[in-house]
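The values are calculated or read from the model by the stated rules, or taken from the named source; none is laboratory data. These numbers were taken from a predicted model, which means no experiment stands behind them. Neighbour counts run over all protein chains shown; Cβ positions are idealised from the backbone, glycine included. Only protein heavy atoms, including side chains, enter the accessible area calculation; ligands, DNA and RNA are left aside. Shrake-Rupley method; radii C 1.70, N 1.55, O 1.52, S 1.80 Å.
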Amino acid sequence: MKKITEFLEPLQQVLANPVIASILEVVLGVIVIAIVFRIASASLPRYVRDSDRRYRIRKSFNFISYILMLLFAASVLSDSLGQLTVILGVTGAGIAFALQEVIASLVGWAAISLGQFYKPGDRVQLGGIVGDVIDISILRTTLMECGVWFSFRDTFFFL
């Protein structure tokens with residue numbers, strides 16, 4: 001019994017530090033949120049048969065899980081939520097100014113996802129590149145390039 005108490009004593013001293021306890025709480029909370037959303041995402045094919053809808057739900061799950069992890073970490077690490085709103089407001093203004101292109105990409109992604117201009121599996125031409133849409137993420141659309149298309153009406157045959 002003495003060996004166990006000798007082992008646990010330094011651990012108790014480390015956990016008595018409030019900063020380390022908060023960091024440990026954030027790490028455990030993020031792990032729990034990740035596991036819950038991973039299990040929900042893995043069980044999704046049983047309930048949703050449509051591949052397009054399943055893809056959109058899986059993307060939404062990932063986005064929501066990241067937001068929840070961020071909010072959880074912010075709530076645990078902040079001493080008072082009143083100061084947190086001021087800090088988030090000032091930080092948000094700076095981030096909005098610095099990340100104008102990323103915000104425009106986010107709005108474009110929302111327009112593509114909600115407006116259903118195209119979806120994974122469609123063949124599109126974007127900026128002169130023709131290909132099949134593989135993935136639509138927040139910052140980019142991934143295509144599997146099909147090569148150069150040509151039409152027979154533009155071709156001349158000489159016999």
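Annotations
- Taking each residue of the stretch 60-76 that is within 17 Å of Ile136 (Cβ to Cβ) and looking for partners that are surrounded by 13 or more Cβ atoms within 10 Å (Cβ to Cβ) with beta-carbon atoms closer than 6 Å, six or more apart or interchain, yields Phe61/Phe37; Phe61/Ser41.
- Selection status of Tyr47, surrounded by 11 or more Cβ atoms within 10 Å (Cβ to Cβ) and of a type in the set (Phe, Trp, Tyr): no
- The set of residues in the stretch 92-112 that are under 21 Å from Arg56 (Cα atoms), open to solvent by 40 Å² or more (accessible area, probe 1.4 Å), modelled with pLDDT under 85 and of a type in the set (Val, Ile, Thr) comprises Val102, Ile103.
- Residues of the stretch 1-46 satisfying the condition of being at pLDDT below 85, within 14 Å of Val76 (Cα to Cα) and β-branched (Val, Ile, Thr): Val19, Ile20, Ile23
- Residue match in the stretch 5-24 (condition: closer than 30 Å to Gln116 by Cα and either touching a residue at least 24 places away in the same chain (Cβ under 8 Å) or polar (S, T, N, Q) (or both)): no
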